[in-house]
Amino acid sequence: MDFKEIGLKKGKILMLLPGTCCDYQTNFSSVIPELSEKYHLICVNYDGFDGTDSVFTDMLTVTKKIENYINANHGGKIDGALGSSLGSSFVGQLIQRKVVHIDHGIFGSPDLDQCGKTLAWLQSKLVVPMLTGFTASENKKLKTKEKLKKFFLMNDETASKFVECFSKFNPESVKNEYYTDLLTHLNNDISVEHTKAHFIYANKMGKKYLNRYKKYFHNPDIREFNMQHEQWLFGEKEYAMPVLNAIDDFMQMPV
């Protein structure tokens, strides 16, 4: 695990948790400069995605390591945690488990998909080869890059960064991350005193995800944006600035 603290020394603490098959350097690269001017950031890279020979084992083991870090270095409490996609599963677990306290859990347009072992195994058999195969050759890298540019409207530089990110991690870590995320369930109607759950809802994902947010958390604060999944993180100001403003609103709310 890799934890790097940057930004304001005495600002509100905001933890950044990256998504599937990604490190924080790539996932949050376009918004870290802006966020670091306002917050004390804790940037996290999980086992298997931290530049070492470690392997990602399962979501709960990594959750416990995050909890241990918060307890050891910040007295068991932080002001906010922002999860990108799968990173939101960690935010949900940190809130639900109540081993540490988070004032503001910020969920970055997650799918929050969960299922039993059989279906998780089947989904992994289908999806993981695609995730690890996107960059198996130069031709596939080029095709993946063009798809990212077309679907998410990424510029060429950003698309190249994500393609390179996908290609540098151990397939075993990718498999374990994807599979155990499906098995790491959230309860329904989660409510923790003095904690607020905020959701960045990318409405182009579809309303079934909006319904999940309302299912798993009691009275969540949901902000709707006309964009694709996590499109605000891909370098375009027209998507990033409204979400960054919403994050500022979240972090200032009383709990």
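Rule-based calculations on the coordinates, nothing more; no lab input. Source: prediction; values computed, not measured. A quick note on method: Cβ atoms are made from the backbone with ideal geometry, for glycine too, and the neighbour counts reach across all protein chains shown.
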### Query
Most mobile of Ala136, Ala240, Ala81 per a Gaussian network model of the chain (Cα springs, under 10 Å)?
Ala136
### Message
Can you classify the stretch 77-159 as rounded, prolate or oblate using the Cα gyration tensor, where a ≥ b ≥ c are the square roots of its eigenvalues, rounded means a/c under 1.5, and otherwise it's prolate if a/b beats b/c and oblate if not?
### Response
oblate
### Choice from Ser84, Ser137, Ser124 with maximal GNM fluctuation in the chain (Cα, 10 Å cutoff)
Ser137
#### Entry: Residues listed by number, the stretch 76-92, amide nitrogen under 18 Å from Leu60 label point at 7 Å toward C-beta
89-92
### Summary
Contour minus Cα-Cα span, Ser167 to Asp2, at 0.36 nm per residue, comes to 57.5 nm
### Table column - 3J(HN,Hα) (Hz), the stretch 115-132, Karplus curve with 6.51, -1.76, 1.60, x for Gly and Pro
7, x, 5, 5, 5, 4, 4, 5, 4, 5, 4, 8, 7, 4, x, 5, 4, 7
### Task
Mind checking which of Pro254, Asn176, Ser54 is farthest towards the positive end of the chain's charge dipole, using Cβ charges of +1 (Lys, Arg) and -1 (Asp, Glu) about the Cα centre?
Asn176
### Summary
For the stretch 238-255, in residue order, the Karplus 3J(HN,Hα) values (coefficients 6.51, -1.76, 1.60; θ = phi - 60°; whole Hz; Gly and Pro = x) are 4, 8, 6, 5, x, 6, 4, 5, 5, 4, 4, 4, 4, 5, 9, 5, x, 10
### Query
What do you get when you divide the Cα radius of gyration of the stretch 137-255 by 2.2 N^0.38 Å, with N the number of residues?
1.27
### Query
Looking only at Glu238, Glu67, Glu230, which one moves most when the chain is put into a Gaussian network model with springs between Cα atoms under 10 Å?
Glu238
#### Entry: Amide hydrogen neighbours beyond the local backbone of Ile222, cut-off 5 Å, H modeled
Phe199
### Task
Report, as a whole number in µm² per second, the diffusion coefficient that Stokes-Einstein gives for the stretch 1-76 at 25 °C and 0.890 mPa s using the Kirkwood radius over alpha carbon pairs.
190
### Message
Which one, Leu82, Ser137, Ile66, projects farthest toward the positive side of the charge dipole computed for the stretch 57-139 from Cβ point charges (K/R +1, D/E -1)?
### Response
Ile66
### Query
For Lys196, which sequence-distant residues (separation of 5 or more, or a different chain) have an amide H within less than 5 Å of its own amide H, given hydrogens modelled in the peptide plane?
His104, Gly105
### Task
Using the structure shown, select from Lys117/Lys207; Lys64/Lys161; Lys125/Lys150; Lys147/Lys196; Lys149/Lys175 the pairs with a Cα to Cα distance greater than 32 angstrom.
Lys147/Lys196
### Integer Hz, Karplus 6.51/-1.76/1.60 couplings in order for the stretch 200-213, x for Gly and Pro
8, 9, 7, 5, 6, 6, x, 6, 4, 6, 4, 5, 5, 4
### Task
State which stretch of the chain is the longest one without any exposed trypsin sites (Lys or Arg not before Pro), exposure meaning a DSSP loop state and at most 10 other Cβ atoms within 10 Å.
11-255
### Label-point separation in nm, Leu142 to Asn188, each point 7 Å along Cα→Cβ
5.1
